RNA sequence: GCUCCCUUCGUCUAGUGGCCUAGGACACCGGCCUCUCACGCCGGCGACAGGGGUUCGAGUCCCCUAGGGAGCGCCA
């Protein structure tokens, strides 16, 4: 009994707060959000904190923060890290209790008094004998009244689901198509732990049904859970969502993403300076292909073309170069204000924001944005273009020496002879005329004179890369151009003097 | 061990029996754009894991092999 089409779509993301979000989780969240948005439906957030040992309040807060940062707003869900009875499974006992009772009453589940030690031994034996490690059903035939008495006497017990024998469970996977599983390959599984908390299989499936979830996109590792959850939901008389299983996401080396491997955690990527839109664009194409690729797009456009049927079945590898390409593409389309906000959010980038005069900001962004990838890239140009002290680095001095002081004199003269309103080309045209230099012999020394300035954190010669000289030129006032040329001439004369002395 | 899943250029992928001498994007290499880097444009390199079938015809269907993965928990 699975949900059918033609009703409003409702998806969810249901993380357990036992670690930070990484690329893999984030993709799952994104896909569910895109699916909901695509259909004009709703996207919910639920916290699966039934593991008392490992769930941590601060992870909830971090989770919410990461999702908000990514731009994945949820239509319904927790508003903060404080557990509430609606969205935190640890507080939803009241919803579960009647279902346990029903399971017990119909015989669909039974009390199991097996100790963990016995189960461990059992699994070990089964494995050694080359058999699948499954519960052997020791408590399945216990007399119900006896079991209740032992329970009442305080003997610890789990509630175990009785998987019907010799049946086939069929379902249609949203991404993998028709699936069929023999119930004889399934062992009786735990529904409620001895400490009274619900087991994942139970709480997860039940909450999806109770919350009216219609579609669930989740990791492939849940594929074999699906028949169990279907059986369970049928036994409590709830309607199951449709499930779709996403291929695993692996790192650049082809290894599964791990919570311990921190470099692909969302907060690490954010600290590095990646934009949420870059991440979303990257993720939206890992294991999913657009029929018509929208290019660097916002969530709305990403959602428009999103289609679960176009999700792949093979593991997808995260290629950092691809992510960087999205970062560049997204950055390229950001307006100056957004670039400013991005930079202001990072310690490094803030230095750039502070250095560049507000009025010059749009021009600065226009000139430099093609050369940005991370916040620190902006700092060097901000410090170079709006430098107070002017000192040339070794490569610049080489270029000045090679060009000769006469050349610089000519450049300065051409500049002072320039009528107001004349542009970069007028200037370089005149310099070319006076000195007979063209191409790199003309531009290289001019670039050295105007931008070959030492900047903290930049490697020597950094200025030789970067935006077109002409764009930078228009960023400077005439006085600043004079100042730079004058400094270059002084440096050149100093070099000459040094040479004469030796 | 058992059950299930997966396998197209370096990477993400298109491809649902003829439109495929396998297309695109990113990466890489080369060229152009009056200096460099980037952008843009043009071009290049580059793949159907292997073997058997089925078919007039297979990347597409079936089987086997190899390789990878998941599940089999009082973890989610």
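Here are the numbers for this structure:
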item	result
Evaluation of residue A:129 against (1) loosely packed, with under 15 Cβ neighbours inside 10 Å; (2) within 14 Å of RNA strand B (Cβ to nearest atom); (3) under 18 Å from residue A:157 (Cβ atoms) (one fails), failing number	(3)
Residue among A:208, A:221 that alone is more than 17 Å from residue A:170 (Cα to Cα), out of contact with any strand residue (DSSP E or B) (no Cβ under 7 Å at 6 or more places or on another chain) and part of a helix (DSSP H, G or I)	A:221
Selection within the range A:405-419 - farther than 13 Å from residue A:488 by Cβ and touching a residue at least 40 places away in the same chain (Cβ under 8 Å)	A:416
Sole residue being exposed (fewer than 15 other Cβ atoms within 10 Å of the Cβ) and either within 8 Å of RNA strand B (Cβ to nearest atom) or assigned to a loop (DSSP other than H, G, I, E, B) (or both), chosen from A:194, A:268, A:252	A:252
Test for residue A:234: is it within 30 Å of residue A:307 (Cβ to Cβ) and either part of a strand (DSSP E or B) or within 13 Å of RNA strand B (Cβ to nearest atom) (or both)	no
Residue in the range A:175-184 that is over 27 Å from residue A:309 (Cβ atoms), within 13 Å of RNA strand B (Cβ to nearest atom) and outside any strand (DSSP E or B) present	yes
Residue within the range A:455-469 that is within 23 Å of residue A:418 (Cα to Cα), exposed (fewer than 12 other Cβ atoms within 10 Å of the Cβ), free of Cβ contacts under 8 Å to residues at least 40 places away in the same chain and more than 9 Å from RNA strand B (Cβ to nearest atom) present	no
The range A:256-265: number of residues that are at pLDDT 80 or above and outside any strand (DSSP E or B)	1
Residue list for the range A:296-321, restricted to those being assigned to a loop (DSSP other than H, G, I, E, B), near RNA strand B (Cβ under 9 Å from one of its atoms) and closer than 16 Å to residue A:35 by Cα	A:312
In the range A:429-448, the residues that are at positive phi and more than 6 Å from RNA strand B (Cβ to nearest atom)	A:436
Helices (runs of 4 or more DSSP H) lying entirely in the range A:415-474 (those with 1 or more residues that are under 19 Å from residue A:378 (Cβ atoms))	A:439-451, A:469-473
Members of the range A:475-502 found to be surrounded by 14 or more Cβ atoms within 10 Å (Cβ to Cβ) and not in a helix (DSSP H, G or I), listed by number	A:475, A:476
Single residue of A:147, A:108, A:81, A:153 found to be without any contact (Cβ under 8 Å) to a residue 24 or more places away in the chain and away from RNA strand B (no atom under 11 Å from the Cβ)	A:153
In the range A:414-425, the residues that are within 11 Å of RNA strand B (Cβ to nearest atom) and surrounded by 15 or more Cβ atoms within 10 Å (Cβ to Cβ)	A:424
Sole residue being out of contact with any helix residue (DSSP H, G or I) (no Cβ under 9 Å at 6 or more places or on another chain) and within 11 Å of RNA strand B (Cβ to nearest atom), chosen from A:18, A:28, A:50	A:28
In the range A:333-344, residue nearest to residue A:457 (Cα to Cα) [restricted to those that are without any contact (Cβ under 8 Å) to a residue 60 or more places away in the chain and crowded, with 16+ Cβ neighbours inside 10 Å]	A:343
Residue match in the range A:294-307 (condition: surrounded by 15 or more Cβ atoms within 10 Å (Cβ to Cβ) and farther than 28 Å from residue A:219 by Cα)	no
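The values are calculated or read from the model by the stated rules, or taken from the named source; none is laboratory data. Values in this document were obtained by computation on a predicted structure and should not be read as measured data. A quick note on method: Cβ atoms are made from the backbone with ideal geometry, for glycine too, and the neighbour counts reach across all protein chains shown.
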